[in-house]
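Asks: Dumping the structure here so I can ask a few things about it.
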Amino acid sequence: VPCRVPAGCGAGVVEVERSVTAVLGQDVVLPCRYRAQEQEQVVQVTWLKRGPGGHSAKVAVLDRQHGEYVQEPYAGRVLRR
């Protein structure tokens, strides 16, 4: 699941783990932290799942103004900290 800042947006730093180990059927944490610059404010975060052939599908959209939307079958499985 990529975690990135769109081109032309902010100049903060995205921090992700290079590798995450998971066990099928168990919960896993996919950490992604954005360190904003001074006076910069994050208003939306979108998680994508990269599938076969490089196609991406939205998993969740976390928006400060419009709330949280999680696609099926991920509903109930996404937790924002």
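Asks: Tell me, what ³J(HN,Hα) does each residue in segment 56-61 have, in order and in whole Hz, if you take phi through Karplus 6.51 cos²θ - 1.76 cosθ + 1.60 with θ = phi - 60° and put x for Gly and Pro?
Replies: 10, 10, 5, 9, 7, 10
Asks: If you don't mind, another one. With springs connecting C-alpha atoms under 10 Å apart, model the chain as a Gaussian network and identify which of Val59, Val14, Val23 has the largest mean-square fluctuation.
Replies: Sorting by GNM fluctuation, first place goes to Val23.
Asks: Step through the residues of segment 29-35 one at a time and calculate ³J(HN,Hα) from phi using the Karplus curve (6.51 cos²θ - 1.76 cosθ + 1.60, θ = phi - 60°), rounding each to whole Hz and writing x for Gly and Pro.
Replies: Rounded to whole hertz, the list is 9, 10, x, 8, 10, 10, 9.
Asks: List the relative contact order of the chain as a percent without decimals, with contacts defined as Cα pairs under 8 Å and 6+ residues apart.
Replies: Values: 95 pairs, mean separation 18.6, N = 81.
Computed value for the chain: 23 percent relative contact order.
Asks: What accessible area per residue, rounded to a whole number of Å², is obtained for segment 13-74 using a probe radius of 1.4 Å? Walk me through the intermediate numbers first.
Replies: Working: 5390 Å² over 62 residues.
Using a 1.4 Å probe on heavy atoms only, each residue of segment 13-74 averages 87 Å².
Asks: Something else about it: For the chain, go through all pairs of different Cα atoms, get the mean of 1/r, take its inverse, and jot down that Kirkwood value in Å. Provide the component values of the computation, followed by the final result.
Replies: Numbers: mean 1/r = 0.0703 Å⁻¹.
Result for the chain stands at 14.2 Å.
Asks: Could you work out what % of the accessible surface of the chain is carbon and sulfur, using a 1.4 angstrom probe and leaving DNA, RNA and ligands out of the count? Intermediate results must be reported in sequence, preceding the final value.
Replies: Values: 3430 of 7070 Å².
So the carbon and sulfur contribution to the accessible surface is 49 percent.
The values are calculated or read from the model by the stated rules, or taken from the named source; none is laboratory data. Just so it is clear, the structure is predicted and the values come from calculations on it, not from any experiment. The accessibility values were calculated without ligands, DNA or RNA, using every heavy atom of the protein model including side chains. Shrake-Rupley method; radii C 1.70, N 1.55, O 1.52, S 1.80 Å.
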